[in-house]
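The values are calculated or read from the model by the stated rules, or taken from the named source; none is laboratory data. Since the model is a prediction, treat every value here as computed from it, not as a measurement. Positions of Cβ are generated from backbone atoms using ideal geometry, with glycine treated the same way; all protein chains shown enter the neighbour counts.
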Amino acid sequence: MSPIMPNAEPSFQTDRRQLVACLKLLLPAHCLLSDDEDLRPYECDGLTAYREMPLAVCLPESEAQVVDVLRTCHSLGVPVVARGAGTGLSGGAMPHAQGVVLSLARFNKILRLDRDARLAVVQPGVRNLAVSEAAAPYGLYYAPDPSSQIACTLGGNVAENSGGVHCLKYGLTVHNVLRLRVVSIEGEIFEIGSAAPDAPGYDLLALLIGSEGMLGVVTEVTVKLVPKPELAQVVMASFADVGQAGDAVAAIIAAGIIPAGLEMMDKAATAAVEPYVKAGYDLNAAAILLCEADGTPEEVAEEIARVTTVLREAGASDIRVSQSEAERLRFWAGRKAAFPAVGRITPDYYCMDGTIPRKRLAEMLSAIAAMEKKYGLRCANVFHAGDGNLHPLIMYDAAQPGEWARAEAFGAEILELSVALGGSITGEHGVGIEKINQMCVQYKTPELDAFRGIKAAFDETGLLNPGKAVPSLHRCAEYGRMHVHQGDLKFPELERF
Amino acid sequence: MPHLSGLDELVTAIGAAYEAALQAPLDSRVALRIRGGGSKDFYGGMLAGEVLDVGAYRGIVAYEPTELYITARCGTPLAEIEAALAERGQMLAFEPPHFDMATLGGCVAAGLSGPRRLQAGAVRDFVLGVKLIDGTGQVLDFGGQVMKNVAGYDVSRLLAGSLGTLGVLAEVTLKVLPKPVAERTLVFAIDEAGAIARLNQWAGQPLPISASFWHEGKLWLRLSGARAAVAAASDKLGGTAVADGERHWLAVREQTHQAFAGTPLWRLALPSTTPALGLDGLCSIEWGGALRWYAGEGDGVRELAAKAGGHAVLYRAAESLRCLEGAFAPLAPPLLALHRRLKKRFDPLGILNPGRLYAEL
Ligand SMILES: Cc1cc2nc3c(=O)[nH]c(=O)nc-3n(C[C@H](O)[C@H](O)[C@H](O)COP(=O)(O)OP(=O)(O)OC[C@H]3O[C@@H](n4cnc5c(N)ncnc54)[C@H](O)[C@@H]3O)c2cc1C
Ligand SMILES: Cc1cc2nc3c(=O)[nH]c(=O)nc-3n(C[C@H](O)[C@H](O)[C@H](O)COP(=O)(O)OP(=O)(O)OC[C@H]3O[C@@H](n4cnc5c(N)ncnc54)[C@H](O)[C@@H]3O)c2cc1C
């Protein structure tokens, strides 16, 4: 460790000609891109505000090729960024300027679907929704359902520990993956977990899931499939006040009900969505709640009755229960299309992903309203109310000078408030490059050191997705310095450089 | 070592052991054996070192029924936690055994779950956050009290089942769930192969099955959920309703049922569809076919389990036998290497529970 800059981000210097020459020996021509125009589509993921051009993109078709690429990059000291569908919203798959993008897009086969054992073995490039579609004939499905499920891949889901509307009741990716096959940066293959429960040793599965492509490249995923409920029905409730809607969420949980989905949209969000999908949302409401019950018809009837009572007591001004599957899907369509709908009314939007304790919902929303004034930008709120995961969509125009900087500062303030309220800077989209500074707010030096130690246990040379997810000590010190406020120094325990 | 009742005392004790180990030559280093309620001395590998009793660091720190979490210190008896939850109609859904003395720390460190695991998930699925004292005496906070948190690696879940080899779990936050409104227990007369086939068939259907247990030609099934759902499923499944179902599940959870009496007792985790193994000896099946208990000599049990895609734990046996055979199935070389590096990161001098999980850790 250098005394001047301990734990500095490693710098890489790649000889592009040599790299491409080596990769050409390993991969057939159609599996390697190295011309600038071919690389352009890979320069960012769903978070388009951050871009970087890679030196090359590898699109291997077999695990042996993945091993070869990783071995070669390891021996040349070249950074590698794995990529699924590139729908990530935190810049996790943004390339490294001195590195290679390793796309798993061609690993798109469902290898085995075992109806009796209720599991599927899939390649990492398989789309999330494709698993449920393949399982549907057996009355089974894959529970985690991110809104991006048409496009995002299982490999990306594993790397981000993705969740969706159903995760309040059915869990996140970490609760639904049984086994992973992984290639290390050295090109060594290992398997963790199995179709049997409680694999011996440390729960490395928990460590790998949500590790944002920092610990290994996933080449095979075994997921749990669960029986499709016989029936699902959704209640839509309007509230004249967002605080009241937040309290209604707590009241549902307090009544001993864990709904299959519990989502909230504020007035700005419904106003954006309604003209787009015509879901029949109450445009006068300050907030609407969508609460789904699933199970046997008897169970659903019982739960809907209980939820309706709770919502009425919580002060809902209007309550509607879906009367058909078509109506249920229409109620949800607006929530599912919230991002693109907001995308239509603003040139750009910046999607945040903080989590907070449910009881602080109203507090957070009024703080966001104040920030709208402070930064002069509008914000629509859609969120997984059941688990306190907010998705404020900050609207801006990248073409207007200064707007992106204001949006970024607005977002950072939301994240830091999430931590202050007892929550986290990310509930499902990951840290990536986007929230790397806020990691210094959520964690102190000892925890960050432990994360770096874990990284080193898997990837000693730090070649997998460098600069993402876990900030260097140096970076935190820099960020701390930026935030010195009225002489109140953040992270006084950190060394300053 | 005296009873330690404060976090500072625990930190000091571990810090002192670390300092001492730094000075001592490798072969004469002191080890600490973390102990909660001591209800699990029978479990795992060798017991070595001076006892570090964490049982007195106890008490519920925070419980928010509407946020669905509870935070408590490691020495808190599970019984105390479950009593507090029951007052608000909630539970630890992984249904750990509690006996008198089982503690929260020991429960999470051991990583074992009870009958409801089939439906609800394992201990690790409910761990939201931990306060850890590592092998250098440093306090680390991971996770938190919210349901979703993907900032940084998920160290809290990594610690579930780590048997105290990475640090002392000083404080743990668990997700809790409402107790089901209704429960009913059914019994069927059926042989082992038939039970395995049925359990898998049922598990593929939307039925509110929350526990299963097969032993000597009888299959017990527990249904949990909304009143109407339990009644409808019970009509559909048939079988005979049992009046004292709760007592039966308690005996399974606490392993006082006679099926668990034999030794050595092997715990086999298998893909649930694995056919009957045809082993001679006392046998029982839980978790829809995925957990099988077998009491007997066990020649070739480990190989049999591995061939089926699972693994076998030598669960209850003489310490000499556990040390000889290894309590847990051996790890593949790349995984063992990862384990050693992780252990080294959290406990660089190897003073915490050495050998309790694997001889090499
Ligand atoms: C409109 C929209 C809605 C969304 N809604 C949700 C939502 O509801 N819930 C949610 O959780 N997320 C949501 N997301 C975010 C995103 O879709 C998820 O994070 C998704 O899991 C990313 O998958 P991907 O295949 O696109 O991964 P990418 O964006 O390609 O990659 C994401 C990360 O995974 C790593 N990675 C990818 N494949 C592998 C592999 N095989 N091995 C190792 N590392 C790998 C990458 O290096 C990167 O760090 C949404 C995104 C959009 C655009
Ligand atoms: C189905 C089932 C049946 C069981 N039946 C029995 C039985 O019949 N008899 C029986 O005696 N036990 C039984 N157990 C095991 C035991 O009762 C529980 O797992 C219990 O929760 C252990 O808690 P404890 O406090 O007694 O742990 P301890 O025995 O004190 O410790 C268990 C392990 O955890 C470590 N540990 C303890 N506290 C901490 C901490 N704070 N931080 C880090 N590591 C720690 C210890 O070093 C040890 O490795 C059973 C478990 C299961 C799942």
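Per-residue answers, yes or no, for (1) within 10 Å of chain A (Cβ to nearest Cβ); (2) closer than 30 Å to residue B:289 by Cβ; (3) in contact with a Lys or Arg (Cβ under 6 Å, 6 or more places away or on another chain):
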residue: B:72; (1), (2), (3): no, no, no
residue: B:95; (1), (2), (3): no, yes, yes
residue: B:128; (1), (2), (3): no, yes, yes
residue: B:149; (1), (2), (3): yes, no, no
residue: B:157; (1), (2), (3): yes, yes, yes
Counting only residues in the range A:207-235 that are more than 26 Å from the chain's Cα centre (by Cα) and not acidic (Asp, Glu), the one farthest from ligand 1 (Cβ to nearest atom) is identified as A:231
Please work out if residue A:242 is more than 16 Å from ligand 1 (Cβ to nearest atom) and among the β-branched types (Val, Ile, Thr). yes
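For the range A:118-138, name all the residues that are more than 15 Å from ligand 1 (Cβ to nearest atom) and in contact with a Leu (Cβ under 9 Å, 6 or more places away or on another chain).
Filtering the range A:118-138 for residues more than 15 Å from ligand 1 (Cβ to nearest atom) gives A:118-120, A:133-138.
Those that are more than 15 Å from ligand 1 (Cβ to nearest atom) and in contact with a Leu (Cβ under 9 Å, 6 or more places away or on another chain): A:118, A:119, A:120, A:134, A:135, A:138.
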Going through (1) farther than 26 Å from residue B:7 by Cα; (2) away from ligand 1 (no atom under 16 Å from the Cβ); (3) over 18 Å from the mean Cα position of the chain (by Cα) one by one, residue B:136 fails only at (1)
Quiz prompt | Meets criteria (more than 10 Å from chain B (Cβ to nearest Cβ) and of a type in the set (D, E, K, R)) for residue A:220 | solution = yes
Of the residues in the range A:124-159 that are within 13 Å of another protein chain (Cβ to nearest Cβ) and part of a loop (DSSP other than H, G, I, E, B), the one that is nearest to ligand 2 (Cβ to nearest atom) is A:143
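Counting just the residues of the range B:35-70 that are of a type in the set (Lys, Arg) and within 25 Å of residue B:315 (Cβ to Cβ), which one comes out nearest to the other protein chains (Cβ to nearest Cβ)?
B:40
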Checked against (1) within 12 Å of chain B (Cβ to nearest Cβ); (2) more than 28 Å from residue B:175 (Cα to Cα); (3) not in a helix (DSSP H, G or I); (4) not charged (D, E, K, R), residue A:162 satisfies every condition except (2)
In the range A:311-333, residues that are surrounded by 14 or more Cβ atoms within 10 Å (Cβ to Cβ) and without any contact (Cβ under 8 Å) to a residue 12 or more places away in the chain total 2
Every listed condition ((1) free of Cβ contacts under 8 Å to residues at least 24 places away in the same chain; (2) surrounded by fewer than 20 Cβ atoms within 10 Å (Cβ to Cβ)) holds for residue B:321 save (1)
| request: Would you mind stating whether residue A:365 is away from ligand 2 (no atom under 16 Å from the Cβ) and either more than 17 Å from the chain's Cα centre (by Cα) or on the phi > 0 side of the Ramachandran plot (or both)? | output: yes
Considering residues that are more than 7 Å from ligand 1 (Cβ to nearest atom) and crowded, with 24+ Cβ neighbours inside 10 Å, the number found within the range A:144-157 is 2
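Tell me whether the range B:101-117 contains one or more residues that are among the aliphatic types (A, V, I, L, M), facing chain A (nearest Cβ under 10 Å) and not in a loop (DSSP other than H, G, I, E, B).
No.
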* Test: residue A:417 is surrounded by fewer than 21 Cβ atoms within 10 Å (Cβ to Cβ) and either within 14 Å of chain B (Cβ to nearest Cβ) or under 30 Å from residue A:249 (Cα atoms) (or both) -> yes
Requested in this report: Look at residue B:189 and say whether it is within 11 Å of chain A (Cβ to nearest Cβ) and either free of Cβ contacts under 8 Å to residues at least 12 places away in the same chain or more than 14 Å from ligand 2 (Cβ to nearest atom) (or both).
Outcome: no
Worksheet item: Going by the structure shown, is residue A:361 crowded, with 24+ Cβ neighbours inside 10 Å and modelled with pLDDT under 90?
Response: yes
Given (1) without any contact (Cβ under 8 Å) to a residue 24 or more places away in the chain; (2) closer than 24 Å to residue A:450 by Cα; (3) surrounded by fewer than 23 Cβ atoms within 10 Å (Cβ to Cβ), residue B:205 misses just (2)
Scanning the range B:142-173 for residues that are more than 15 Å from ligand 2 (Cβ to nearest atom), under 20 Å from residue B:75 (Cα atoms) and not small (Gly, Ala, Ser) gives B:145
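Within the group B:90, B:138, which residue is away from ligand 2 (no atom under 15 Å from the Cβ), at pLDDT 95 or above and among the polar types (S, T, N, Q)?
B:90
This table checks each residue for (1) crowded, with 16+ Cβ neighbours inside 10 Å; (2) not in a loop (DSSP other than H, G, I, E, B).
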{"position": "B:294", "(1), (2)": "yes, yes"}
{"position": "B:297", "(1), (2)": "no, no"}
{"position": "B:309", "(1), (2)": "yes, no"}
{"position": "B:312", "(1), (2)": "yes, yes"}
{"position": "B:327", "(1), (2)": "yes, no"}
{"position": "B:331", "(1), (2)": "yes, no"}
{"position": "B:342", "(1), (2)": "yes, yes"}
Those residues of the range A:177-187 which are at the interface with chain B (Cβ under 10 Å from one of its Cβ atoms) and either more than 12 Å from ligand 1 (Cβ to nearest atom) or without any contact (Cβ under 8 Å) to a residue 12 or more places away in the chain (or both) amount to A:178, A:179, A:186
- Within the bounds of the range A:81-88, is there any residue that is more than 16 Å from ligand 1 (Cβ to nearest atom) and either in contact with a Leu (Cβ under 6 Å, 6 or more places away or on another chain) or within 30 Å of residue A:349 (Cβ to Cβ) (or both)? no
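Could you check, for the range B:123-136, whether at least one of its residues is touching a helix residue (DSSP H, G or I) at 6+ places or on another chain (Cβ under 9 Å), part of a loop (DSSP other than H, G, I, E, B) and crowded, with 24+ Cβ neighbours inside 10 Å?
Yes, the range B:123-136 contains a residue that is touching a helix residue (DSSP H, G or I) at 6+ places or on another chain (Cβ under 9 Å), part of a loop (DSSP other than H, G, I, E, B) and crowded, with 24+ Cβ neighbours inside 10 Å.
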Is it the case that some residue within the range B:333-348 is more than 19 Å from residue A:206 (Cβ to Cβ), among the charged types (D, E, K, R), out of contact with any helix residue (DSSP H, G or I) (no Cβ under 7 Å at 6 or more places or on another chain) and within 14 Å of ligand 2 (Cβ to nearest atom)?
no
> Do the conditions hold for residue A:172, that is, is it buried (at least 20 other Cβ atoms within 10 Å of the Cβ), within 16 Å of ligand 1 (Cβ to nearest atom) and closer than 19 Å to residue B:119 by Cβ?
Replying inline: yes
